[in-house]
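Q: Questions regarding the structure given below will be posed in turn.
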Amino acid sequence: MNRRTFLTASIAASAAVLLSGCGFRLRGTKSLPTLPTLALEGDTNSAVAQQVALRLQQLGTQVTADAPWRVTLGTPVLTERRLGGDGRASREHELTLSSSLSVQERASNAYYINNETLSTATRIRVSDDDLLNRETLMMEAEQTLARQLSQQIIERLTYVEGMQ
């Protein structure tokens, strides 16, 4: 092993040790606690609900109709706001996707979350003259927002007291 390779390897190992020692973790590597069996209700045909069901399945959470916990998802609402002037050039658009969430324990009919609204937003720059590219960019942004909102819903479910 030559000196340069040794120095590179030792610097990389030192950086890894220092970062792990200070508590640094890559985003998304934290394992979520296991959730009990859930029943998904409400608007279960939306892209957000499909993402939530998929993510719950990946986490090993069973989703059945007679589960002890009911998770009611509202219909996701996408709002678009144009930012900037009225010129014919490209414009920035702010897209916000929001949905309501309720969590109810079936045995006591107690609501642990009652119609809480969760939302996520993004900004994209599109040209109003390029209609084909505009629709593609908007669809990709909507899909990304659906994934982000479903992740927020899962994270919110993990913090419900009494659910673990």
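Read-outs: derived from the displayed coordinates by stated rules, not from any lab. Here the structure is a predicted model, which is why all the values come from computation and not from measurement. Ideal geometry is used to build each Cβ from the backbone, glycine not excepted, and the neighbour counts take in all protein chains shown.
Q: Pop a pseudo-label 7 angstrom from the Cα along the beta-carbon direction at both Glu105 and Thr79 and give the gap in nm to one decimal.
A: Placing both labels 7 Å beyond Cα along the Cβ direction yields 3.4 nm.
Q: Can you tell me the equivalent ellipsoid semi-axes for the range 41-164? Use √(5λ) from the Cα gyration tensor, largest first, whole Å.
A: Three semi-axes, in Å: 35, 14, 10.
Q: Take Gln151 and Val63, extend 7 Å from each Cα along the Cα→Cβ direction, and tell me the distance between the two endpoints in nm.
A: Taking the two extended label points, one gets 1.8 nm.
Q: Further question: Using only the C-alpha atoms of the range 116-164, find the volume of their convex hull and express it per residue in Å³.
A: That works out to 65 Å³ per residue.
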